[in-house]
Amino acid sequence: MNDSPGWASPGSAPSDGEDSGAPRPPEPSDRARATSQWSRNQPPAGQWSPPAGAPGQGPPLPPPGRPGPHQGGGWGQPPAPGGWNSGWGRPPAAKPGVIPLRPLGVGEILDGAVSTMRAHWRTVLGLTLTVAVITEFGNILAQHYLLPAAPEIDPNATGTEAINQAFDSLRSSMLGLLPIAVLGLVGTLFVTAVLTVVISRSVLGRPVTLREAWAEASPRLLTLLGLLVLMPLMAGAIVGIGILPGLLIGSDAGVGLAALGGLGAFVVVVWLMIQFSLAAPALMLERQGLVKSLRRSAKLVRGAWWRIFGITLLTLLLTFIVSMIIAIPFTVIGTVVDDGGANSLFGGATSDYGWPFLIITGIGAVIGAAITYPISAGVTALLYIDQRIRREALDLDLARAANLPGYETPGS
């Protein structure tokens, strides 16, 4: 029994215990299913053209992995005369929006995220630039006024003294980063909420304004905030538990135990972050609660952990490279313009940054965030859609929501 409202219609196959190799459901015209809530929640359908040569008359493109209307067997068999194409191979999947309605490859997920940003650039840039400017302004003020001086470190310290110094340095860094982390959390909250809605519309090829996306996303902000707060708290608690025994023991043995415990905790945190990486789109698009969205994500990730980990890691690497490419020139310019910035940059005194350095580097950070925010949010949302296509035949619901020919709900 499917426990996911939202995009899933009541007849969808559940994700529990299924893998990507499970048999796909039959042709949409041959099975009766209730009307998808996706369809009810979306604006009027966008334009989609049937295959060339048969405007309005030809048979619909069959969903991938299912026998076509002119084939007696599965894909890979030669089409019968008068069928799709004149050669071998399967017809392309329907593509009403930024992605084809079939299981996606890595390149298609990344391309879909970029295509969404291009197709809805006014909405996307309007949101990301506004959020990036506000958060970066807060970061500049925090760096100039709130960051504490770094504690002095004795390089010759050993044993308990070395552990205490490391703990003091970590505590100082955490306190200094707290205002920045809070501002980043708030920015991520708004960007994730609104861009998830934008991406859900772009998959169907439908326009969406910033006001429309905000109206749909705003009722879920409080629950999404709880999710975004819970994840780092969970990670911090696990790391703390991992290193605590070593800190309590002290001495050289304690240092080794703390390092070993920290490494083990890091592995657990990475595993959990991937397990729950699809919770945000599940929360936004299925109207799930906080705990249910975490469970939903774990169900969708099950059996595909390494694939999702690899795509997530690749996305982080790409966004990091883009951010560095944009940030380095602004950092160099800020260093040249502001001597205080150069001294702070190479001397490590975080509270001595000058205003010219902070402003110039802040401009670079805003530009970088405006580009990387949509890519990160887009990949996460499209990974969620891809997993539901693989496990629950969401492509059929999406095709019906897009009003593609041949996918109408029987009896409608």
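In the range 275-311, which residues are among the β-branched types (Val, Ile, Thr) and buried (at least 21 other Cβ atoms within 10 Å of the Cβ)?
Within the range 275-311, Val301, Ile308, Ile311 meet the criteria.
From the list Ile249, Ile308, Ile326, pick out the single residue that is over 16 Å from the mean Cα position of the chain (by Cα), among the aliphatic types (A, V, I, L, M) and under 21 Å from Asp111 (Cα atoms).
Working: Ile249 fails: under 21 Å from Asp111 (Cα atoms); Ile308 fails: over 16 Å from the mean Cα position of the chain (by Cα).
Selected residue: Ile326, the only one of Ile249, Ile308, Ile326 that is over 16 Å from the mean Cα position of the chain (by Cα), among the aliphatic types (A, V, I, L, M) and under 21 Å from Asp111 (Cα atoms).
Determine whether Ile241 is part of a helix (DSSP H, G or I) and at pLDDT 95 or above. Walk me through how you get there before you give the answer.
Details: part of a helix (DSSP H, G or I): yes; at pLDDT 95 or above: no.
So Ile241 fails the test.
Tell me which residues, restricted to the range 108-147, are within 18 Å of Thr192 (Cα to Cα), touching a Phe, Trp or Tyr at 6+ places or on another chain (Cβ under 9 Å) and of a type in the set (Val, Ile, Thr).
Step one: filter the range 108-147 for residues within 18 Å of Thr192 (Cα to Cα), giving 109-110, 112-136.
With touching a Phe, Trp or Tyr at 6+ places or on another chain (Cβ under 9 Å) added as a condition, the list becomes 124, 127-128, 130-132.
Scanning the range 108-147 gives Val124, Thr128, Thr130, Val131.
Could you grab me the full set of residues in the range 189-219 that are in a loop (DSSP other than H, G, I, E, B), touching a Lys or Arg at 6+ places or on another chain (Cβ under 9 Å) and among the aliphatic types (A, V, I, L, M)? I'd like the intermediate steps shown before the answer.
Within the range 189-219, the subset in a loop (DSSP other than H, G, I, E, B) is 204-209.
Filter once more, so that each one left must be touching a Lys or Arg at 6+ places or on another chain (Cβ under 9 Å): 205, 207-209.
Scanning the range 189-219 gives a single hit, Val208.
From the list Thr158, Thr209, exactly one residue is surrounded by fewer than 20 Cβ atoms within 10 Å (Cβ to Cβ) and either at pLDDT below 80 or of a type in the set (D, E, K, R) (or both). Which is it? So that I can check it myself, show each step before the final result.
Working: Thr209 fails: either at pLDDT below 80 or of a type in the set (D, E, K, R) (or both).
Selected residue: Thr158, the only one of Thr158, Thr209 that is surrounded by fewer than 20 Cβ atoms within 10 Å (Cβ to Cβ) and either at pLDDT below 80 or of a type in the set (D, E, K, R) (or both).
Can you work out which of the residues in the range 371-396 that are aliphatic (A, V, I, L, M) and surrounded by fewer than 22 Cβ atoms within 10 Å (Cβ to Cβ) is nearest to Val337 (Cα to Cα)? Steps first, answer last, please.
The first filter runs over the range 371-396 and keeps only residues aliphatic (A, V, I, L, M), leaving 371, 375, 377, 379, 381-383, 385, 389, 393-394, 396.
If we keep only those that are surrounded by fewer than 22 Cβ atoms within 10 Å (Cβ to Cβ) as well, we get 371, 375.
Details: Ile371: 26, Ile375: 32 Å.
My answer is Ile371.
Ala399: among the aliphatic types (A, V, I, L, M) and either buried (at least 24 other Cβ atoms within 10 Å of the Cβ) or not in a helix (DSSP H, G or I) (or both), yes or no?
Values: among the aliphatic types (A, V, I, L, M): yes; either buried (at least 24 other Cβ atoms within 10 Å of the Cβ) or not in a helix (DSSP H, G or I) (or both): yes.
In short, yes.
Which residue is farthest from Ala377 (Cα to Cα), if the candidates are limited to the range 312-331 and must be surrounded by 14 or more Cβ atoms within 10 Å (Cβ to Cβ) and β-branched (Val, Ile, Thr)?
Thr331
What number of residues within the range 115-130 satisfy the criterion of being part of a helix (DSSP H, G or I) and crowded, with 23+ Cβ neighbours inside 10 Å?
As a first pass, look at the range 115-130 and keep what is part of a helix (DSSP H, G or I): 115-119, 121-130.
Okay, now just the ones that are also crowded, with 23+ Cβ neighbours inside 10 Å, so 116-117, 123-124, 127-128.
The total comes to 6.
Tell me which residues, restricted to the range 376-394, are of a type outside the set (Asp, Glu) and over 8 Å from the mean Cα position of the chain (by Cα). Can you show your working first?
Filtering the range 376-394 down to residues of a type outside the set (Asp, Glu) leaves 376-385, 387-391, 393-394.
Listed by number, the residues that qualify are Tyr384, Ile385, Gln387, Arg388, Ile389, Arg390, Arg391, Ala393, Leu394.
Do we find that Ile359 is at pLDDT below 90 and surrounded by fewer than 22 Cβ atoms within 10 Å (Cβ to Cβ) in this structure? Please lay out each step first, then the result.
On the way: at pLDDT below 90: yes; surrounded by fewer than 22 Cβ atoms within 10 Å (Cβ to Cβ): yes.
So Ile359 passes the test.
Every residue, every condition in (1) in contact with a strand residue (DSSP E or B) (Cβ under 8 Å, 6 or more places away or on another chain); (2) modelled with pLDDT under 90; (3) of a type outside the set (Gly, Ala, Ser), yes or no:
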position: Trp214; (1), (2), (3): no, no, yes
position: Arg220; (1), (2), (3): no, no, yes
position: Leu230; (1), (2), (3): no, no, yes
position: Leu248; (1), (2), (3): no, yes, yes
position: Ala265; (1), (2), (3): no, no, no
position: Val268; (1), (2), (3): no, no, yes
position: Leu272; (1), (2), (3): no, no, yes
position: Ala282; (1), (2), (3): no, no, no
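Do we have Ala279 as in contact with a Ser or Thr (Cβ under 6 Å, 6 or more places away or on another chain) and closer than 30 Å to Trp214 by Cα here? So that I can check it myself, show each step before the final result.
On the way: in contact with a Ser or Thr (Cβ under 6 Å, 6 or more places away or on another chain): yes; closer than 30 Å to Trp214 by Cα: yes.
It is true that Ala279 is in contact with a Ser or Thr (Cβ under 6 Å, 6 or more places away or on another chain) and closer than 30 Å to Trp214 by Cα.
Matching residues to (1) surrounded by fewer than 17 Cβ atoms within 10 Å (Cβ to Cβ); (2) farther than 30 Å from His120 by Cα:
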| residue | (1), (2) |
| --- | --- |
| Ala181 | yes, no |
| Leu185 | yes, no |
| Thr192 | no, no |
| Ala217 | no, no |
| Leu222 | yes, no |
| Pro232 | yes, yes |
| Leu248 | yes, yes |
| Val255 | no, yes |
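The values are calculated or read from the model by the stated rules, or taken from the named source; none is laboratory data. All of these numbers come straight from a predicted model, not from anything done at the bench. All Cβ positions, even for glycine, are placed from backbone atoms using ideal geometry, and neighbour counts span all protein chains on display.
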